[in-house]
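Visitor: Sharing a structure, written as structure tokens. Questions coming.
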Amino acid sequence: MAARQEVTAWRPRVRGVTEVFHAHFTEYAYPMHVHDAWTLLIVDDGAVRYDLERHEHGTPHDTVSLLPPHVPHNGAPATPHGFRKRVVYLDASVLGEDLIGAAVDGPDLRDALLRRRVGQLHTALAQPGDELEAESRLTFVAEHLRERLDERLRPAGRDARNPALARRLRELLDARVTDGVTLEEAARLLHAHPAHLVRAFSGAYGIAPHQYLTSRRVGRARRLLLDGLPPGEVATTTGFFDQAHLTRHFRKLVGVTPGRYRRSAR
């Protein structure tokens, strides 16, 4: 089998993420190197073996690996057909350097929930216009990682019930349906931690903030489509990144494309 090296990399507009890197390697082996960011790694096919602080580690399919910044490591395929991986690099605003020691001691986390959440984060990061969803998912991933790495940083209170805070966030989202709002900005305006903000809203309304905002945008899009506006114009008018972004979410919530919905109008 010929050696394969397939790589996709980009820098999303999400605070705390320095790079997203997807790759498929069959024979390539990384030499010892360091990063200045946290390396959050999941393997979708095959496996990777690597050395970190002179100890050998591996990445079976259900593992999330978190490699700390400034600590040398390498990497090589652990199976004959290589590996397919997805990586997101996170800066110190997401995970602080106080966790480096804990990550060195145990970089591979066997955690099905965390693995699923990291996969969902990658899906959101790949879609322009879904930055609020990506921020929300990153917040929970980072919180989960901090809890796993250092029990001393576990939040003392996990009660999500805060209807007043949830209502204030809903009012903010209602006022910014078209323009949108980042999770960081919402947290600053409402004087709440981003994770607590998302948890309070989801607990009060049974839906995440990004899902609520998307639903509001789709609702406006439906009315404009029935008024006869073309989907491309509707997309920009209602706050979607582009027509493809509108189509993806519209089909998910309505069951048909915006164009077909518009043609069905009487």
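Visitor: Filter region 27-62 for residues that are of a type in the set (Ser, Thr, Tyr) and crowded, with 21+ Cβ neighbours inside 10 Å; which is nearest to Glu147 (Cα to Cα)? Full working, then the answer.
Guide: Of the residues in region 27-62, the ones of a type in the set (Ser, Thr, Tyr) are 28, 30, 39, 50, 59.
Among the residues that remain, those that are also crowded, with 21+ Cβ neighbours inside 10 Å are: 39, 50, 59.
Values: Thr39: 17, Tyr50: 24, Thr59: 20 Å.
Looking at the filtered set, the residue picked out is Thr39.
Visitor: State whether the residues of region 93-100 include one that is in contact with a Ser or Thr (Cβ under 6 Å, 6 or more places away or on another chain) and open to solvent by less than 30 Å² (accessible area, probe 1.4 Å). Break it down into steps so the answer makes sense when it comes.
Guide: Restricting attention to region 93-100, the residues satisfying the condition of being in contact with a Ser or Thr (Cβ under 6 Å, 6 or more places away or on another chain) are none.
No - not one qualifying residue is present in region 93-100.
Visitor: Which of the residues that make up region 61-107 are under 23 Å from Ala124 (Cα atoms), touching a Leu at 6+ places or on another chain (Cβ under 8 Å) and of a type outside the set (Ser, Thr, Tyr)?
Guide: If the condition is that a residue be under 23 Å from Ala124 (Cα atoms), touching a Leu at 6+ places or on another chain (Cβ under 8 Å) and of a type outside the set (Ser, Thr, Tyr), then Val64, Leu66, Leu67, Lys85, Arg86, Val87, Val88, Leu90, Val94, Leu95 are the ones that fit.
Visitor: When you go through (1) closer than 18 Å to Leu90 by Cα; (2) modelled with pLDDT of 85 or more one by one for His73, which number turns out not to apply?
Guide: All conditions are met except number (2).
Visitor: Return only the number of the condition from (1) of a type in the set (Lys, Arg); (2) touching an Asp or Glu at 6+ places or on another chain (Cβ under 6 Å); (3) in a strand (DSSP E or B) that Arg49 does not satisfy.
Guide: Here Arg49 clears every test but (2).
Visitor: Looking at region 1-26 only, could you name the residues that are among the acidic types (Asp, Glu) and surrounded by 14 or more Cβ atoms within 10 Å (Cβ to Cβ)?
Guide: Initially, region 1-26 is screened for residues among the acidic types (Asp, Glu), giving 6, 19.
Within region 1-26, Glu19 is the sole residue that qualifies.
Residue-wise test of (1) hydrophobic (A, V, I, L, M, F, W, C); (2) under 30 Å from Glu184 (Cβ atoms).
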position: Val20; (1), (2): yes, yes
position: Glu27; (1), (2): no, no
position: Arg115; (1), (2): no, yes
position: Leu121; (1), (2): yes, yes
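Visitor: Which numbered condition in (1) open to solvent by less than 50 Å² (accessible area, probe 1.4 Å); (2) assigned by the TED database to the domain that holds Gly219; (3) touching a residue at least 40 places away in the same chain (Cβ under 8 Å) is the only one that Leu172 fails?
Guide: (3)
Visitor: A follow-up question, please. Please enumerate the residues belonging to region 224-241 that are at pLDDT 90 or above and open to solvent by 60 Å² or more (accessible area, probe 1.4 Å).
Guide: Listed by number, the residues that qualify are Glu233, Thr236, Thr237, Phe241.
Visitor: Scan region 105-123 residue by residue and report those that are under 18 Å from Val87 (Cβ atoms) and in contact (Cβ under 8 Å) with a residue 24 or more places away in the chain.
Guide: Taking region 105-123 as the starting set, the residues that turn out to be under 18 Å from Val87 (Cβ atoms) are 107-109, 111, 114-123.
Result: Pro107, Asp108, Leu109, Asp111, Leu114, Arg115, Arg117, Val118, Gly119, Leu121, His122.
Visitor: Hey, any hits in region 125-146 for a residue that's open to solvent by 30 Å² or more (accessible area, probe 1.4 Å) and free of Cβ contacts under 8 Å to residues at least 12 places away in the same chain?
Guide: Scanning region 125-146, I find no residue that is open to solvent by 30 Å² or more (accessible area, probe 1.4 Å) and free of Cβ contacts under 8 Å to residues at least 12 places away in the same chain, so the answer is no.
The values are calculated or read from the model by the stated rules, or taken from the named source; none is laboratory data. Source: prediction; values computed, not measured. Note that each Cβ is placed from the backbone with ideal geometry, even for glycine, and that neighbours are counted across all protein chains shown. Keep in mind that these areas ignore ligands, DNA and RNA; they rest on the heavy atoms of the full protein, side chains included. Shrake-Rupley method; radii C 1.70, N 1.55, O 1.52, S 1.80 Å.
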